[in-house]
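> Below you will find the structure I want to go over with you.
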Amino acid sequence: MPSYVTRPKTRKTFSWVGRSLLDRKQYYQIYKEICVKNNDCSTEIHIKVGQFVLIKANCNTKPYIAKLTELFEDGSQFPPKKCARVQWFVRFSEIPISKRHLLGRKPAAQEIFWYDYSGCDNSVYVETIIGPVQVVALAPDEVLPMDQNSEETLFVKLSWNTKNFEPLPPEVLSALKKLEDSPECQKPKSRHSTSRSCQTPAPPVSPNAKKLLELDGLGFPRKPNMRLSQKISCDSLEPQKNSKRKTASSETASPPKRSQPGEIKTSSALKTLRKNGQAPSICAKQSMTLRAQCPAEVTAKINVEGTIVPVRGRVRSSVVPTVILTPEYIRRETKGQEAHSCSSHRVHRRSSLVTLSRIRKQLWLLDKSDHEEEDFISSAEVSDCTSEDEDEDQDDSVPSLRRRNPQRQSRNRRMASKPSLQIPSKTPKKTPNRRTPHHATPQIRDRNLAIQEPTSTLEEARLRLHVSAVPDSLPCREQEFQDIYNFVESKVLDGTGGCMYISGVPGTGKTATVHEVMRCLQQAAQTNDVPPFEYVEVNGMKLTEPHQVYVQILQKLTGQKATANHAAELLAKRFCSQGSPQETTVLLVDELDLLWTQKQDVMYNLFDWPTHKGARLVVLAIANTMDLPERIMMNRVSSRLGLTRMSFQPYSHSQLKQIVVSRLKHLKAFEDDAIQLVARKVAALSGDARRCLDICRRATEICELSRQPGDSPGLVTVAHLMEAIDEMFSSPYITAIKNCSLLEQGFLRAIIAEFHRSGLEEATFQQIYSQHVALCRIEGLPYPTMSETMAVCSRLGSCRLLLVESSRNDLLLRVRLNVSQDDVLYALKEA
Ligand code: ATP
Ligand code: MG
């Protein structure tokens with residue numbers, strides 16, 4: 001295949017024209033003009049401030065349109081970057097779909113809108129500028145041309161301010177009109193010393209001119225060369241009708257160039273036809289010769305239907321072409337640049353360039369080991385930066401990449417042939433799905449390195465104390481373990497059902513104990529000590545909404561996916577109908593408190609299902625609230641349900657010490673006194689084993705950090721633990737409580753006392769007030785009036801230390817703590 005068939009690698013150089021105007025800031029040199037030189041074709045375009053330009057957009061989207069307002073060199077970067085400031089225009093396709101109706105009419109084919117939005121980044125790198133474009137501003141009374149083919153000139157009549165379409169402000173309109181008249185905005189110019197005479201500058205097209213063209217009755221395209229190139233590109237997308245089509249389309253990959261003697265330049269040929277009054281249909285069979293020269297000259301026969309028959313192809317590097325900026329050329333140039341710089345999507349944003357390169361790097365790294373993926377990315381890069389009409393070129397030029405996956409190739413073509421809907425232009429766009437591999441499932445990469453063994457005693461202690469580490473045993477929970485085990489085992493053996501309600505304050509080992517029970521039972525089932533059973537676990541904390549629990553249970557039981565309502569129906573059918581299932585199902589519902597709904601239907605169902613004869617369902621419900629079933633279902637129902645209850649008491653200091661010691665088994669990392677101290681501190685506050693373990697872990701870190709380099713690893717001392725405890729209890733809430741007034745602290749104390757009394761974590765204002773009065777009496781203090789206490793309650797509520805009902809202000813106002821009880825106790829003790 002001759003070399004000219006491959007897509008030209010258009011490398012461009014950008015150089016300032018003239019001297020810098022002023023050094024406004026230290027780092028900025030301002031210029032009026034820039035010269036864009038196309039290295040391979042030796043063409044150059046001069047672009048001045050005030051001109052309208054096309055700016056590279058995503059690979060498969062139309063270029064953005066902007067007006068240059070400033071050209072400058074950003075010396076704050078190294079090496080200094082050539083930048084431009086622009087006023088953006090948006091196409092109709094860039095307006096959010098939901099707002100397009102605001103236009104109230106069909107947009108004209110080439111209509112654009114002045115982008116009246118100050119919040120958008122208006123600086124771009126000059127490398128993202130494709131070339132000049134002609135924009136015509138229309139007054140409100142002027143008619144927009146509706147011609148689909150007039151792609152070369154864009155029309156602006158309205159502005160878009162992200163909320164509405166508005167008429168152009170008079171000053172903007174007059175400024176734009178003035179610009180149209182200025183020479184630099186007449187027609188995109190390219191120049192070359194040897195080919196100036198060959199330029200065919202199209203006259204500026206106005207709507208009036210357009211009307212005249214329409215009136216001539218031919219309906220002939222206003223920009224014949226454009227029409228032709230469009231036709232050609234469409235043709236190249238068609239399936240392999242013509243055996244020579246590949247060659248032909250590759251030949252048309254070059255823009256039309258100046259005429260050569262004896263050959264008709266396409267645009268001028270069509271102009272001639274038009275002048276002669278010949279409609280396309282008349283000359284459909286008439287063929288003419290097209291000479292395309294960049295990067296090499298190829299001569300092809302072309303008829304107006306768009307079928308191109310290559311006559312001869314030869315490289316004539318001596319010929320210096322003139323480039324006419326047809327939209328086709330611009331499209332090619334965009335893609336050529338993208339292929340060269342590999343900076344597609346929203347490339348004109350500096351930040352997006354950086355982000356993009358990072359994403360690419362990560363994508364590549366993720367798939368580094370996967371050769372197929374590597375290939376895919378490479379081919380995606382190619383296909384990304386390739387237009388429909390270049391697909392065939394690529395087939396020839398990059399065969400190894402494109403042919404490996406014909407499916408992808410056809411998919412890409414399908415996608416490319418779809419009209420692309422664009423999202424608003426000045427916000428980051430979603431990349432089309434082109435580069436997503438077909439098996440793109442988020443995965444964690446395999447670990448290449450083995451997990452390193454802990455290198456010091458402290459490090460090992462830290463690992464063992466981590467709350468996620470599964471301990472070998474659960475000291476101090478032997479009784480609870482045995483009770484739960486017996487309960488479930490008996491139900492499984494009998495083939496009956498039942499429900500156990502397990503409650504207790506946080507960190508008392510509820511979840512850990514039940515998990516251990518289930519692990520042992522599953523082992524027993526494997527050794528046929530108990531009949532096989534199905535085990536399903538759901539956690540209220542992991543659900544977005546209480547009714548989702550049905551969906552989760554159904555999916556885990558049957559693998560079926562259903563809506564919440566449908567899942568509830570199916571589960572009710574399974575557990576409440578007479579047909580007895582083969583196996584017992586054990587359902588663990590952790591964090592049951594979070595399944596609270598207004599109608600309490602979720603909790604009710606969970607407790608009700610096991611009561612049905614033949615359900616063979618064992619429910620283990622774990623919650624923090626002791627009397628949740630009573631509160632949900634009232635006593636009569638709860639007694640019918642016949643719940644078995646179990647309460648996990650907070651750990652005492654000796655139990656906490658035992659837990660820490662058993663975790664550290666044979667590892668001397670702590671001083672004995674230190675463990676004693678932390679156990680006592682935590683037991684006094686909450687008896688929460690989780691907190692105790694956290695404090696110990698932090699203390700090992702503090703100990704390690706305080707060690708001087710070269711010192712032998714020491715033991716964690718009381719001082720380290722005190723520091724960890726202080727850190728652990730230094731939240732803003734604790735500081736706020738420490739700084740509360742005596743009255744407020746008294747009220748908080750009363751809340752804790754009431755919670756302890758009732759075993760609940762919610763109380764009415766009246767109950768708390770009674771406690772408050774009682775506490776004041778005990779301490780011999782004068783007690784506040786009810787309205788004073790209500791004011792205190794509101795203040796604590798407004799600080800978010802309390803959660804109070806906003807809608808009421810009476811005795812039945814319900815109050816909760818927004819801080820953990822042990823934080824409140826700690827702060828009150830410190831105060
Ligand atoms: P919550 O109500 O917040 O869910 P919980 O009662 O379910 O708390 P767990 O998650 O079971 O508490 O335990 C918290 C942490 O304390 C876990 O890391 C667990 O391993 C540890 N833990 C609790 N009790 C013991 C124990 N007896 N022995 C060893 N570790 C324990
Ligand atoms: Mg738990």
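The values are calculated or read from the model by the stated rules, or taken from the named source; none is laboratory data. All values derive from a computational prediction rather than experimental measurement. We place every Cβ from the backbone using ideal geometry, glycine too, and count neighbours over all the protein chains shown.
> All but one of (1) within 16 Å of ligand 1 (Cβ to nearest atom); (2) surrounded by fewer than 16 Cβ atoms within 10 Å (Cβ to Cβ) hold for THR527; which doesn't?
With (1) within 16 Å of ligand 1 (Cβ to nearest atom); (2) surrounded by fewer than 16 Cβ atoms within 10 Å (Cβ to Cβ) applied to THR527, the lone miss is (1).
> For segment 788-799, check the following and say yes or no: at least one residue is at pLDDT 90 or above and part of a loop (DSSP other than H, G, I, E, B).
Just the residues of segment 788-799 that are at pLDDT 90 or above, to begin with: 788-799.
Filter once more, keeping what is part of a loop (DSSP other than H, G, I, E, B): 799.
Yes, the conditions are met somewhere in segment 788-799.
> Quick one: is LEU521 within 23 Å of LEU493 (Cα to Cα) and either small (Gly, Ala, Ser) or buried (at least 17 other Cβ atoms within 10 Å of the Cβ) (or both)?
On the way: within 23 Å of LEU493 (Cα to Cα): yes; either small (Gly, Ala, Ser) or buried (at least 17 other Cβ atoms within 10 Å of the Cβ) (or both): yes.
Yes, satisfied.
> Out of all the residues in segment 489-508, is one or more more than 16 Å from ligand 2 (Cβ to nearest atom), closer than 21 Å to VAL470 by Cα and touching a residue at least 12 places away in the same chain (Cβ under 8 Å)? First the steps, then the outcome.
Of all residues in segment 489-508, those more than 16 Å from ligand 2 (Cβ to nearest atom) come to 489-499.
With closer than 21 Å to VAL470 by Cα added as a condition, the list becomes none.
Within segment 489-508 (the criterion being more than 16 Å from ligand 2 (Cβ to nearest atom), closer than 21 Å to VAL470 by Cα and touching a residue at least 12 places away in the same chain (Cβ under 8 Å)), the answer is no, since none of the residues qualifies.
> Assess whether VAL467 counts as being within 16 Å of ligand 2 (Cβ to nearest atom), closer than 30 Å to VAL661 by Cβ, over 35 Å from the mean Cα position of the chain (by Cα) and not small (Gly, Ala, Ser). Steps first, please.
Values: within 16 Å of ligand 2 (Cβ to nearest atom): yes; closer than 30 Å to VAL661 by Cβ: yes; over 35 Å from the mean Cα position of the chain (by Cα): no; not small (Gly, Ala, Ser): yes.
Spelling it out, it is not the case that VAL467 is within 16 Å of ligand 2 (Cβ to nearest atom), closer than 30 Å to VAL661 by Cβ, over 35 Å from the mean Cα position of the chain (by Cα) and not small (Gly, Ala, Ser).
> List pairs: first residue in segment 613-631 and without any contact (Cβ under 8 Å) to a residue 40 or more places away in the chain, second residue part of a helix (DSSP H, G or I) and not β-branched (Val, Ile, Thr) anywhere in the structure, Cβ distance under 6 angstrom, at least six positions apart or on different chains.
From segment 613-631, the pairs are GLU630/SER638.
> Going by the structure shown, is PRO80 at pLDDT 85 or above and farther than 22 Å from ALA175 by Cα? Break it down into steps so the answer makes sense when it comes.
Numbers: at pLDDT 85 or above: no; farther than 22 Å from ALA175 by Cα: yes.
Taking the combined requirement at face value, the residue does not satisfy it.
> For segment 736-746, enumerate the residues that are surrounded by 13 or more Cβ atoms within 10 Å (Cβ to Cβ) and either touching a Pro at 6+ places or on another chain (Cβ under 9 Å) or outside any loop (DSSP other than H, G, I, E, B) (or both).
ALA736, ILE737, LYS738, LEU743, GLU744, GLN745, GLY746, listed by residue number.
> Taking the residues in segment 467-487 that are of a type outside the set (A, V, I, L, M, F, W, C) and within 8 Å of ligand 1 (Cβ to nearest atom) as candidates, determine which candidate is farthest from GLU704 (Cα to Cα). Spell out how you get there, then give the answer.
Keep residues of segment 467-487 that are of a type outside the set (A, V, I, L, M, F, W, C), which gives 468, 471-473, 475, 477-480, 482-483, 485-486.
Checking the rest, the ones that are also within 8 Å of ligand 1 (Cβ to nearest atom) come to 468, 471, 473, 475, 477.
Working: SER468: 21, PRO471: 24, SER473: 28, PRO475: 28, ARG477: 32 Å.
Selected residue: ARG477.
> Looking for whichever is over 28 Å from GLN479 (Cα atoms), under 42 Å from the mean Cα position of the chain (by Cα), modelled with pLDDT of 90 or more and buried (at least 19 other Cβ atoms within 10 Å of the Cβ) here; the options are CYS692, CYS703, CYS696. Which one fits? Write out each step before concluding.
Details: CYS692 fails: over 28 Å from GLN479 (Cα atoms); CYS696 fails: over 28 Å from GLN479 (Cα atoms).
Answer to the check: CYS703.
> Restricted to segment 23-44, and to residues that are more than 40 Å from the chain's Cα centre (by Cα) and at pLDDT below 60, which residue is surrounded by the most Cβ atoms within 10 Å (Cβ to Cβ)?
If we take residues in segment 23-44 being more than 40 Å from the chain's Cα centre (by Cα) and at pLDDT below 60, then CYS41 is surrounded by the most Cβ atoms within 10 Å (Cβ to Cβ).
> Considering (1) assigned to a helix (DSSP H, G or I); (2) farther than 30 Å from LYS510 by Cβ; (3) among the small types (Gly, Ala, Ser), say which one ALA674 fails and leave the rest.
Tallying (1) assigned to a helix (DSSP H, G or I); (2) farther than 30 Å from LYS510 by Cβ; (3) among the small types (Gly, Ala, Ser), ALA674 fails exactly one: (2).
> Which of the residues spanning segment 813-826 are at pLDDT 90 or above, over 13 Å from SER794 (Cβ atoms) and part of a loop (DSSP other than H, G, I, E, B)?
Within segment 813-826, ASN818, VAL819 qualify.
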